[in-house]
Amino acid sequence: MQGNKEKNLIVELTFDFALKIIKYAELLEKDRKFVLATQILKAGSSVGANVREAQNAESVADFVHKMKIAAKEADEVEYWLLLCDKTDGYPDCKQLLADCSSIIRILSKIIASSKSKIH
């Protein structure tokens, strides 16, 4: 759909978010918190992968579908981060939570404006 190489805010934000998620997961692994590290790494890196995949969607409906998957993954990683934030002994993740919240808001707007093009 948007297979060009122009600067794309959501692609860049989710890529940068994935890089931060990798570092946070590594911190968790050092603290032997393997289960949450794995969950956070999988969901957090999946957001950007799905956004990236959406850039080559075959239709607007396909684009919306892929962006909805990215939004679901963002919601999931937000859940895992909230657990870390509320549990004693876990590394600080407040900035990751703020980044995730911003990504969720942007994805919601992209999905809403793209849906209006379908109808």
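Would you check if ALA112 is more than 16 Å from TYR24 (Cα to Cα) and either outside any helix (DSSP H, G or I) or free of Cβ contacts under 8 Å to residues at least 12 places away in the same chain (or both)?
yes
Is it the case that ASP75 is in contact (Cβ under 8 Å) with a residue 40 or more places away in the chain and either out of contact with any helix residue (DSSP H, G or I) (no Cβ under 6 Å at 6 or more places or on another chain) or under 25 Å from GLY89 (Cβ atoms) (or both)?
no
Kindly provide the set of residues from region 20-63 that are among the hydrophobic types (A, V, I, L, M, F, W, C), surrounded by 21 or more Cβ atoms within 10 Å (Cβ to Cβ) and farther than 14 Å from CYS84 by Cβ, ordered by number.
VAL47, VAL51, ALA54, PHE63
Given the criteria without any contact (Cβ under 8 Å) to a residue 24 or more places away in the chain and among the small types (Gly, Ala, Ser), does ALA54 qualify?
So ALA54 fails the test.
Throughout, read-outs are computed from the coordinates displayed, never taken from laboratory work. Predicted model, so just to flag it, every value in this text is computed and none were measured. Methodologically, a virtual Cβ is constructed for each residue, glycine included, from the backbone with ideal geometry; neighbour enumeration extends over all protein chains shown.
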